[in-house]
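Encoded as structure tokens, the structure appears first; notes follow it.
Every read-out reported here was derived from the displayed coordinates using simple, explicitly stated rules and does not represent laboratory data. Keep in mind that what you see is a predicted model, and the values were worked out from it rather than measured. Neighbour counts run over all protein chains shown; Cβ positions are idealised from the backbone, glycine included.
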Amino acid sequence: MPNVDNITSKTPRLHDSTTLKNEQSSSQAKKKKKKIKLAKFAGFCYGVKRAVETAKKLKCENPDKSVFVLGELIHNAHVIAELENLGIKTLTEIPEKGEGICVIRSHGESPQVIEKIKNAGFEIVDLTCPDVKKVQQKAVELAKEGYFVVIVGKSEHPEVIAIKANAQLYTNNVIVAASPQQLKSSESLIKAHKRVGVVVQTTQRISTLNSVVEYLNSIADEVKVENTICKSTSMRQAEAKELAKESDLVIVVGSKKSANTTHLAEILKDITETIHIENADELENYKDLIDKSINISVTAGASTPQDVIEKVIEKLK
């Protein structure tokens, strides 16, 4: 007669199988669905959109003319490659003789450079962003009024170079600084002048402007401040800060050469985990971080095309 104990031991127990299923179900329940949120103010700002669309239109309407841009139209390799494919070429320097159309990019140029382009024989189309034009005008006004002009921004940035050149038409007292420390070497000059006028690169952080102004107030008799940070930058930064507060991870999309994009990433890193990428392919470098993040927000710089943003969202999903 068979041993009952042996038969029982070889038969799978129903409650073990059920327990396994319940454990699997419980484990799946613990896996929360990722929430991916795209910022409303992400991608091309007005000035960039205007520059890109107008450059394309120029080539379309002048198929037999050469169309050039002095320097990169915007800081985005994807867009520059697209323009090159359309026959819109980037000039790294002004030739002695030229023909066709030469576009002044959204960052603007110095009066001396614009004159040199004219003398070379080019037809000029000025696509300087209206907000950048405003900074140039404010800097000129301060210089004409006899103020010692301080430009808050990065000295090597093309926008700042053009602002400084415009102000220097009317005064030699012009300094660029991205922090109070960079003004220390000129402290005696500023104190002697007593009256200081301040403008700021359109894509700078408000905290940077405030720190420079606070320092200037401590050494100058009068400080006149023109807050020329553009509205698009302010709105983009404010929205991104709010998104960061409720996110495990913020992904900033845009060129590493773009000032407004790098500033955006810098601001958000103080609030939550933040990564700065140029395109969707770079997400692979942060796979572990993305896997463990539930609430993910995506924002982008003012020179980031919509299709680049969409590819990032698509890959995240």
Open item on the list: Only four residue types carry charge here, +1 at the Cβ of Lys and Arg and -1 at the Cβ of Asp and Glu. Report the dipole size of the range 131-225 about the Cα centre in Debye, rounded to the nearest 20.
Closed with: 80 debye
- [ ] Please get the size of the charge dipole for the chain, origin at its Cα centre, with Cβ charges of +1 on Lys and Arg and -1 on Asp and Glu, quoted in debye to the nearest 20.
- [x] 780 debye
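Which whole number in µm²/s is D for the chain by Stokes-Einstein, with the Kirkwood Rh taken over Cα pairs at 20 °C and 1.002 mPa s?
Details: Rh = 22.7 Å.
The estimated diffusion coefficient comes to 94 µm²/s.
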Task: Overall dimensions of the range 85-164 as given by Cα atoms, namely Rg and Dmax in Å - done: 14.3, 48
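I need the Kirkwood Rh of the range 131-225: take the reciprocal of the average 1/r across all distinct C-alpha pairs and report it in angstrom.
12.8 Å
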- [ ] Take the Cβ-Cβ distance between residue 54 and residue 116 as r, set R0 to 22 Å, and report the resulting FRET efficiency rounded to the nearest 0.05.
- [x] 0.50
Task: Rg and Dmax of the range 46-128, Cα atoms only, in Å - done: 11.7, 33
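Working out 0.36 nm times the residue gap between residue 191 and residue 81, then minus their Cα-Cα distance, what length gain in nm do you get to one decimal?
Values: separation 110, 0.36 × 110 = 39.60 nm, distance 4.83 nm.
Value of the extension gain: 34.8 nm.
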TODO: Kindly state, to the nearest 0.05, the FRET efficiency for residue 241 paired with residue 66, given R0 = 51 Å and r defined as their beta-carbon distance.
DONE: 0.70
Task: All aspartates and glutamates inside 15 Å of residue 311 as judged from Cα atoms, apart from same-chain residues fewer than 8 positions distant - done: 278, 281, 282, 284
- [ ] Would you be so kind as to identify which of 91, 218, 74 lies farthest towards the positive end of the dipole of the chain, taking Lys and Arg as +1 and Asp and Glu as -1 on Cβ and the Cα centre as origin?
- [x] 218
Open item on the list: Using the crude model of +1 on Lys and Arg Cβ and -1 on Asp and Glu Cβ, and no other charge, please compute the dipole size for the range 243-286 relative to its Cα centre, in debye to 20.
Closed with: 240 debye
Open item on the list: For the chain, what does the relative contact order come out to in percent, with C-alpha contacts under 8 Å and a separation of six or more?
Closed with: 20 percent
TODO: Determine one quarter of the surface area of the Cα convex hull of the range 244-317, which equals its mean projected area, and express it in nm² to one decimal.
DONE: 4.4 nm²
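Please go through the range 30-75 and write out the trypsin sites (Lys or Arg not before Pro) that DSSP classes as loop and that have at most 15 other C-beta atoms within 10 Å.
Numbers: sites: 30, 31, 32, 33, 34, 35, 37, 40, 49, 50, 56, 57, 59, 65; in loops: 31, 32, 33, 34, 40, 65.
When the trypsin sites (Lys or Arg not before Pro) of the range 30-75 are filtered for loop state and at most 15 Cβ neighbours within 10 Å, 31, 32, 33, 34, 40, 65 remain.
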- [ ] Find how much the distance from residue 155 to residue 97 grows on full extension, using 0.36 nm per residue of separation minus their present alpha carbon separation; answer in nm with one decimal.
- [x] 17.9 nm
TODO: Apply 1/(1 + (r/R0)^6) to the Cβ-Cβ distance of residue 295 and residue 210, taking R0 = 41 Å, and write down the FRET efficiency to the nearest 0.05.
DONE: 0.85
Task: Spin-label model distance (nm) - residue 90 vs residue 181, 7 Å beyond Cα toward Cβ - done: 3.1 nm
TODO: Find the relative contact order for the range 131-225 and round it to a whole percent, using C-alpha pairs within less than 8 Å whose residues are 6+ positions apart.
DONE: 34 percent
